[in-house]
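For reference, the structure is listed below as structure tokens.
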């Protein structure tokens, strides 16, 4: 993800991997709804842009996009079934829950399952397509990954700390880089040593940044933590804080025959005394099994460790937990063992030049299907901030610390959930004690109001209150459902900072026009993702999804909800006039020297392509995209009648006239205005960050755009010279 | 399409093309909604079935399917804009219409545009994937197409007619093939001569059938018509009946710059005195222009012929018609000239062994975007009938004549529409005379009740009644809208025959249980396509589209709408018991010797893959697929409780609980039962033919399945021995 994003932004990157080839089986496999949304937004390049692809016999699907490729290859889980022992049956379905309940407003309302090799390949193909587009692919291997290369050590130079091991973390990253003896110290303050896995030759690399996405046993983390190889990786200045347990699980991807009816569902199975299993259906008729291995078999207390647990033991245990259902194992694609623990890094960065993300910063159990998702989104979240800084329009001091602040918040939330969830699943949680005395273990759990599917049924016989199950089924199911918003990825919320103009936040309280933020009635919240909406694109009457209209290109998305044109005409004209003025953010924060925000900049939209208004092209600023959404039906006005910046982005003018089943509006009038709480006689400006998160909401009025001016001034800078790239 | 379908059915085919390579530009470019639906139903093979694709570095998207590939590459037209001269403006938008109005119940409610080369490649890729699957690809070129090979002549032998030229058409095709001197006469009665375009060497080919899909100037048609080369192709026994006009049109695919606001819409432009233009947006920012060339320029009467019309003339005329808008031409991708005419072949076949289809049987103007669509569907419609016959379960005498009967009906409908439409467009129609005297030319045309979009607006100034336009705009727009159902492809209706149990049709009137067909309340009509429905697949809770669940595999789709299980339990049990009896169609019409219905037969569904009920596998009949749709919520029952044939197809058991905006049912209960008019206390059986057309509708009751028995007996036969393949 780091490579995909940075390649999209056109950077020259060195990407190393110590494995000789991508994964071919197993490992992570669950893509959550928000991740699919992000991947759809990253999009695909290359299909229509290489007219020669057919003639050359090349695959026209290179560059189809990560999301499309994965969706075509994976299977979907819409629902989770909970199985427990009951009074009358050894194992019975006691509850069900939507994988992504209907109250979560997201287009791809399922978890997508496919093995990590397919996921990696989908990324590598798309990276390759973008490198071809950027002209940076020639001298590198496919996908730009150097294999096998391993990381040895790193430090920062000239940032105030001369070595990571001695003073790295305390150094301030104020952007005023001291002049070192080496001119590279100012421009490329990161030094690292990598080793060619084939020749064992070492290379010293100088770079602007180093992103350590090297997993739970991160060598980059160890290097910047100041620890020595062999001194125990938790002894340095970055520590992994948290807890481990002795609960050991086996993971198997296999082909099975079974009469268990829910083999194509995600299932959570608790046996009476043989432990628990989670199953997940997978591509190519595989099934993934997470098998609990610590519990005593038949109450005899056999205790497996990570080393003593074998595939055969795991299969035997799985068959036992599945009883009375048949479970025959055929081909086994992958097997592994892991121990549950929740840990988080005390720091994510050295000098804001070396960054950690993914498992290098947070580890936990795999069973909620979160790890890969949150890890991908770590890098997705960092990349656009680096882009703004390196293109000369972003404030290094303000933007970079928000990476750790925002992503640590999400990781902490994840660990909190995972700790409770996996302990309950293992029957080792705080609720374990309460289980025996619980008098309400039944399947007739009170339906939550926000989960219509679960509210409908559980008609299957529930576990009898008298049965002494090892697991508190009701509590476990409750935790699962309560966290669905978070585990879908849609509930990953960022708190207030310079980028998120939340009520009572610093942006709002420190701005002279702070009162203008968050107009009354508005339903969108800064620091949360823009919820989806379907609109008619006026330039070609296509029915499109608003949130996917601007692909990840580094730009802030300025949504002008124009309401009813006859009433908002003056406001629109005022906004457009101000945007055209020298003091607008559109003109203040403009990259110099024709620098592009991303490799997508060169791709003309149809509207641009056909345009005869050649003089206007130079006015574009690639870091801002205007999207105008009008409530008035488009049969009653013309794009050419809209003022300046709105008309300029003619392919991004929309009519809000598509019914939305979540928004029961009489006559289906302007359902999206209604959903976002926009007063149609006033209008609203909704700023969405390059990562799809709402940054600020203001009224379509002078105080609104003046407030936006202050918002952007909080983290953008005026580019004075062409940035070095 | 013929090759794709026949390869899917596993036939050994020889496919020749006289062009050395597929198209690279221009030609047909519009895919209509029903065609997209069909292509989605043909689906894609190979993505999940080749686990080695990643490791081998091969493209995992070979076999993604024709529809997906084309949708990723094309652009969509949702709306058509009509431009005419008005009293105040040289050119103004006078009306709009949905390309596929909302009353048409189809999922892909747009026209997809991309050039024919991309379309051909999407087909060739999918054919190749299927040939690999069937093991027939090794000795042939990519896509199995021999190029360049041309057709010279053909005849049938041993069918009663010894030569096509002398007696071909009068011969009966009764299936009782007389014993010729050559044993091949009985099995491979078609003889044809083809020529290698490179070596000029001639080959004599013997085959079971010959499909002449060789266009308007079809050499196969000429050969079986009995005409001689050079004698004029209309002199033989097959004639192209119809009319030609002197109206000449130019066609250009080009990159243009323009300030015309609707360049991304399909537009129909009538200038006051420079003629008419149709524009269509296209992939890669191309625009297609159909430019009228016959009208006098500036009233001077310059008259172009097919030979004198050049690209420059065409461009100059286009610019003139576009006035006062700018229109600058850049790169021109393709240029051609055509003359409007409507013709249809008097016969589609020789001896039911040589078949014609596509432009070889019907030609017309390209502007309604119908030709390629209806041509593709000709072969789609023929292939599954050949499949039933060749696999030993279809009646040759009954099935084959339905090809011409059904497809000629559609072609005649097309020609009728096209004649009226293109004459009106050219200002040469019967309405031309009435135009001058018309007093209601205005844009305020009466909205049709079934077109909510057009009913909404036309607020743009209409043409003034006093303006003497060359075209009757109102009438033209009316014809366009009236025919939207037909041009979407969804209105292609088949009339009564052995396959379509229509009220008062022969199947119904001749059957002892005829009264059971078409139960009261039912909304589906035999001879029309199954309208779409979304349901929950119970085996994995996936939300799926019912009409796409069984891919084109040669099977009849037996939909059991089971209603409310508590009320229909006995009926279901009765049906399942009868199906299991020796006299059911399921057991009577079963191919011998393990013959497959299609190459898809070998692909196990997830449910089959996991199944432990090994004994049941042999009971499957590949020519029938059971789909059970239950109104009762699936939380209240188990697939394993369903009887025999319903449980057997466990991946095809559905719950009817997904809201449909077209079906406002209180509480969203069983919207699809409601849509199809199924009484939930009774149930219904809906038979859908292998091509997605409804064949018969009967109640879920003994008289219903006995009626079905008679229905299938009308065109299926008991296979007595393993067919020769």
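The values are calculated or read from the model by the stated rules, or taken from the named source; none is laboratory data. Note that the coordinates shown come from a computational prediction; the quantities given were computed from them, not determined experimentally. Using ideal geometry, Cβ is built from the backbone for each residue, glycine included, and neighbour counts are taken over all protein chains shown.
Does residue B:237 satisfy the condition of being modelled with pLDDT of 90 or more, surrounded by fewer than 24 Cβ atoms within 10 Å (Cβ to Cβ) and in contact with a helix residue (DSSP H, G or I) (Cβ under 9 Å, 6 or more places away or on another chain)? Spell out the reasoning first.
Numbers: modelled with pLDDT of 90 or more: no; surrounded by fewer than 24 Cβ atoms within 10 Å (Cβ to Cβ): yes; in contact with a helix residue (DSSP H, G or I) (Cβ under 9 Å, 6 or more places away or on another chain): yes.
In short, no.
Residue A:149 passes every criterion in (1) modelled with pLDDT of 95 or more; (2) away from every other protein chain (no Cβ under 13 Å); (3) closer than 30 Å to residue B:537 by Cα apart from (3). Of the residues making up the range A:490-503, those that are part of a loop (DSSP other than H, G, I, E, B) and either closer than 25 Å to residue A:104 by Cβ or assigned by TED's automatic domain parsing to the domain that holds residue A:378 (or both) are A:490, A:491, A:492, A:493, A:494, A:495, A:496, A:499, A:501, A:502, A:503. Within the range B:624-633, the set of residues being more than 25 Å from residue B:689 (Cα to Cα) and either more than 9 Å from chain A (Cβ to nearest Cβ) or buried (at least 22 other Cβ atoms within 10 Å of the Cβ) (or both) comprises just one member, B:632. For the range A:94-105, enumerate the residues that are in contact with a strand residue (DSSP E or B) (Cβ under 9 Å, 6 or more places away or on another chain) and either modelled with pLDDT of 95 or more or more than 9 Å from every other protein chain (Cβ to nearest Cβ) (or both). Correct list: A:94, A:95, A:97, A:100, A:104.
Within the range A:309-340, which residues are surrounded by 20 or more Cβ atoms within 10 Å (Cβ to Cβ) and not in a loop (DSSP other than H, G, I, E, B)?
Just the residues of the range A:309-340 that are surrounded by 20 or more Cβ atoms within 10 Å (Cβ to Cβ), to begin with: A:309, A:314-315, A:317-318, A:321-322, A:327, A:329, A:334, A:337, A:340.
Those that are surrounded by 20 or more Cβ atoms within 10 Å (Cβ to Cβ) and not in a loop (DSSP other than H, G, I, E, B): A:314, A:315, A:317, A:318, A:321, A:322, A:327, A:329, A:334, A:337, A:340.
Here is the figure for the range A:91-128: residues that are closer than 26 Å to residue A:531 by Cβ and either free of Cβ contacts under 8 Å to residues at least 12 places away in the same chain or assigned to a strand (DSSP E or B) (or both) total 6.
Being under 27 Å from residue A:284 (Cβ atoms) and in a helix (DSSP H, G or I) is the requirement here; does residue A:82 meet it?
On the way: under 27 Å from residue A:284 (Cβ atoms): yes; in a helix (DSSP H, G or I): no.
In short, no.
Residue B:82 fulfils the conditions (1) at the interface with chain A (Cβ under 9 Å from one of its Cβ atoms); (2) at pLDDT 85 or above; (3) touching a helix residue (DSSP H, G or I) at 6+ places or on another chain (Cβ under 7 Å) except for a single criterion, (1).
Determine whether the range B:347-365 contains at least one residue that is within 14 Å of chain A (Cβ to nearest Cβ), surrounded by fewer than 19 Cβ atoms within 10 Å (Cβ to Cβ) and not in a helix (DSSP H, G or I).
Here is the first cut: in the range B:347-365, the residues within 14 Å of chain A (Cβ to nearest Cβ) are none.
No - not one qualifying residue is present in the range B:347-365.
Please go through the range B:261-281 and pick out each residue that is in contact with a strand residue (DSSP E or B) (Cβ under 7 Å, 6 or more places away or on another chain), farther than 23 Å from residue B:25 by Cα and within 11 Å of chain A (Cβ to nearest Cβ). Passing the criteria: only B:262. Is there a residue being within 14 Å of another protein chain (Cβ to nearest Cβ) and surrounded by fewer than 18 Cβ atoms within 10 Å (Cβ to Cβ) anywhere in the range A:677-690? Within the range A:677-690, none of the residues are within 14 Å of another protein chain (Cβ to nearest Cβ) and surrounded by fewer than 18 Cβ atoms within 10 Å (Cβ to Cβ). For the range B:672-693, name all the residues that are in a helix (DSSP H, G or I) and farther than 22 Å from residue B:40 by Cα. Listed by number, the residues that qualify are B:673, B:674, B:675.
Just checking: which of the helices (runs of 4 or more DSSP H) contained wholly in the range B:368-487 hold 3 or more residues that are at pLDDT 95 or above? Show your work before the answer.
Details: elements: B:371-390, B:396-426, B:431-437, B:452-456, B:473-482, B:484-487.
Passing ranges, in order: B:371-390, B:396-426.
With respect to residue B:696, determine if the residue is in contact (Cβ under 8 Å) with a residue 24 or more places away in the chain, within 22 Å of residue B:639 (Cα to Cα) and buried (at least 18 other Cβ atoms within 10 Å of the Cβ). So residue B:696 does not fit the description; no.
Looking only at the range A:113-127, count every residue that is in contact with a helix residue (DSSP H, G or I) (Cβ under 6 Å, 6 or more places away or on another chain) and within 12 Å of another protein chain (Cβ to nearest Cβ) and tell me the total. Steps first, answer last, please.
Within the range A:113-127, the first condition is being in contact with a helix residue (DSSP H, G or I) (Cβ under 6 Å, 6 or more places away or on another chain), and the residues that meet it are A:114, A:118, A:122-124, A:126-127.
Add one more test, that the residue is within 12 Å of another protein chain (Cβ to nearest Cβ), and what stays is A:114, A:118, A:122, A:124.
Going through the range A:113-127 one residue at a time, the tally reaches 4.
Restricting attention to the range B:7-42, report how many residues are surrounded by fewer than 24 Cβ atoms within 10 Å (Cβ to Cβ), over 12 Å from the mean Cα position of the chain (by Cα) and at negative phi. So the count comes out to 16.
Return yes when residue B:203 is modelled with pLDDT of 95 or more and buried (at least 19 other Cβ atoms within 10 Å of the Cβ) and no when it is not.
Values: modelled with pLDDT of 95 or more: yes; buried (at least 19 other Cβ atoms within 10 Å of the Cβ): no.
So residue B:203 fails the test.
Of all residues in the range B:648-671, those that are surrounded by fewer than 19 Cβ atoms within 10 Å (Cβ to Cβ), assigned to a helix (DSSP H, G or I) and within 12 Å of chain A (Cβ to nearest Cβ) total 2. When the range B:600-614 is limited to residues that are free of Cβ contacts under 8 Å to residues at least 60 places away in the same chain and outside any helix (DSSP H, G or I), the one that is nearest to the other protein chains (Cβ to nearest Cβ) turns out to be B:612.
Every test in (1) in contact (Cβ under 8 Å) with a residue 24 or more places away in the chain; (2) within 14 Å of another protein chain (Cβ to nearest Cβ); (3) surrounded by fewer than 22 Cβ atoms within 10 Å (Cβ to Cβ); (4) closer than 22 Å to residue B:661 by Cβ is passed by residue B:540 save one, and that test is (4).
Any idea which residue in the range A:285-306 is modelled with the lowest pLDDT, counting only those that are away from chain B (no Cβ under 14 Å) and closer than 30 Å to residue A:114 by Cβ? Full working, then the answer.
Initially, the range A:285-306 is screened for residues away from chain B (no Cβ under 14 Å), giving A:290-306.
Cutting the leftovers down to closer than 30 Å to residue A:114 by Cβ gives us A:290-294, A:304, A:306.
Details: A:290: 95, A:291: 94, A:292: 89, A:293: 86, A:294: 70, A:304: 75, A:306: 76.
Ranking the qualifying residues of the range A:285-306, first place goes to A:294.
Yes or no: residue B:288 surrounded by fewer than 21 Cβ atoms within 10 Å (Cβ to Cβ) and either in the same structural domain as residue B:427 (by TED's automatic domain parsing) or over 26 Å from residue A:45 (Cβ atoms) (or both)? Walk me through how you get there before you give the answer.
On the way: surrounded by fewer than 21 Cβ atoms within 10 Å (Cβ to Cβ): no; either in the same structural domain as residue B:427 (by TED's automatic domain parsing) or over 26 Å from residue A:45 (Cβ atoms) (or both): yes.
No.
With respect to (1) away from every other protein chain (no Cβ under 11 Å); (2) surrounded by 19 or more Cβ atoms within 10 Å (Cβ to Cβ); (3) under 24 Å from residue B:672 (Cα atoms), the lone exception for residue B:643 is condition (2).
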